[in-house]
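The values are calculated or read from the model by the stated rules, or taken from the named source; none is laboratory data. No experiment lies behind these values; they were computed from the predicted model shown. All Cβ positions, glycine included, derive from the backbone under ideal geometry; neighbour counts span all protein chains shown.
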Amino acid sequence: MPKWGKTMFFWVIIFPVLVTSLLITMDYLSGDPIKPFSYIPNLLGFATGGIFIGLIMYQVKKLKGKH
């Protein structure tokens, strides 16, 4: 897999799922009821942010590789 693919995969898939699962775990431990559909906006928001962060991180890695 190309470097940009690994970077984008992490920031668009892995990061949002990890953060959303942490949010669900925190709600579970605090005793709040878990409604899976209420976490979809969080997941999609983190995935959208991950697109931007992934592109920025790829550019940073590419610039570091030139020097």
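Odds and ends about this structure:
- Positions within the stretch 10-28 being of a type in the set (Phe, Trp, Tyr) and farther than 13 Å from residue 52 by Cα, in sequence order: 28
- Some residue of the stretch 32-48 being of a type in the set (Asp, Glu) and surrounded by 13 or more Cβ atoms within 10 Å (Cβ to Cβ): no
- In the stretch 29-42, the residues that are within 15 Å of residue 19 (Cα to Cα) reach residues that are in a helix (DSSP H, G or I) and of a type in the set (A, V, I, L, M, F, W, C) with C-beta atoms within less than 7 angstrom, at least six apart or across chains, in these pairs: 39/23; 39/24; 42/23.
- Screening residue 57 on (1) at pLDDT 95 or above; (2) touching a Ser or Thr at 6+ places or on another chain (Cβ under 9 Å); (3) of a type outside the set (Lys, Arg) shows it passes everything except condition (1).
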